[in-house]
Amino acid sequence: MNDHHIRQQLVNALSKRQAHQLFETVIENFPAAHYNTKPANVPYSFWHLLEHMRIAQADILEYIMNADYQYLNFPDDYWPAPDARADLAEWQRTIDLFLADRAALVEIVQDPARDLTAQIPHGEPGHTVLREILIVAAHNAYHIGEFGILRGTLGLW
């Protein structure tokens with residue numbers, strides 16, 4: 001097994017353009033007037049979607065790192081309140097925290113001392129860092145694409 005190659009592919013899945021758009025691309029120059037816009041037939045705003053991604057990613061990072069991890073209630077704890085709104089500072093806070101947590105996950109993947117396939121000591125049976133990284137990468141790719149499509153439907157590119 002080429003451990004370095006596997007680690008690099010996981011880093012790429014988290015932070016590079018693969019078969020999906022980049023987080024940085026879909027948020028670039030996003031108009032502030034639409035942070036809180038809810039596209040037609042969608043129960044959440046653009047900021048809600050970014051905040052959901054941030055919360056979910058932060059939750060998995062916490063799960064990996066914290067032996068005293070406490071499960072969040074699904075789905076309520078994974079989304080901001082339906083009436084929550086973001087201003088420029090909150091929008092930027094969401095982005096900054098998302099990027100910081102993603103960087104922390106990349107650092108975990110790149111740590112050669114960490115066995116990516118070992119059971120997370122405090123985790124559920126079969127839960128490994130590899131599994132958690134794959135979940136984050138898939139979840140992020142799904143919602144990054146969703147964000148880009150919703151942005152396109154409103155002509156916000």
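What are the pairs, 6+ residues apart or on separate chains, where a residue within segment 106-126 that is open to solvent by 20 Å² or more (accessible area, probe 1.4 Å) has its Cβ under 6 Å from a residue that is not in a helix (DSSP H, G or I)?
What qualifies is T117/T128; H122/A67.
Tally time: how many residues in segment 91-101 are among the charged types (D, E, K, R) and loosely packed, with under 15 Cβ neighbours inside 10 Å? Let's see the steps before the verdict.
First pass over segment 91-101, keeping only residues among the charged types (D, E, K, R): 93, 96, 101.
Now drop any that are not loosely packed, with under 15 Cβ neighbours inside 10 Å, which leaves 93, 96.
Qualifying residue count, segment 91-101: 2.
Please verify whether segment 77-90 includes one or more residues that are small (G, A, S) and surrounded by 12 or more Cβ atoms within 10 Å (Cβ to Cβ).
Scanning segment 77-90 turns up at least one residue that is small (G, A, S) and surrounded by 12 or more Cβ atoms within 10 Å (Cβ to Cβ).
Any chance you could count how many residues in segment 98-157 are within 19 Å of the chain's Cα centre (by Cα) and not in a loop (DSSP other than H, G, I, E, B)?
Result for segment 98-157: 37.
Is there any pair with a first residue in segment 25-38 that is more than 14 Å from E146 (Cα to Cα) and a second that is buried (at least 18 other Cβ atoms within 10 Å of the Cβ) and of a type in the set (S, T, N, Q) whose Cβ atoms are under 8 Å apart and which are 6 or more apart or on different chains, and what are they?
From segment 25-38, the pairs are Y35/S45; N36/S45; T37/S45.
Can you tell me how many residues in segment 127-157 are under 22 Å from Q8 (Cα atoms) and either open to solvent by 70 Å² or more (accessible area, probe 1.4 Å) or among the charged types (D, E, K, R) (or both)?
The number of residues fulfilling the criteria is 4.
Mind listing just one residue for me: the one in segment 1-49 that is of a type in the set (S, T, N, Q) and within 27 Å of R114 (Cα to Cα) and, of those, surrounded by the most Cβ atoms within 10 Å (Cβ to Cβ)?
Among them, the one singled out is S15.
Counting only residues that are in contact with a Phe, Trp or Tyr (Cβ under 7 Å, 6 or more places away or on another chain), part of a helix (DSSP H, G or I) and more than 29 Å from E28 (Cβ to Cβ), how many does segment 58-93 have?
Within segment 58-93, residues that are in contact with a Phe, Trp or Tyr (Cβ under 7 Å, 6 or more places away or on another chain), part of a helix (DSSP H, G or I) and more than 29 Å from E28 (Cβ to Cβ) number 1.
The values are calculated or read from the model by the stated rules, or taken from the named source; none is laboratory data. Model, not experiment: these values are computed from the prediction. Note that each Cβ is placed from the backbone with ideal geometry, even for glycine, and that neighbours are counted across all protein chains shown. Surface accessibility is based on the protein's heavy atoms, side chains included, excluding ligands, DNA and RNA. Shrake-Rupley method; radii C 1.70, N 1.55, O 1.52, S 1.80 Å.
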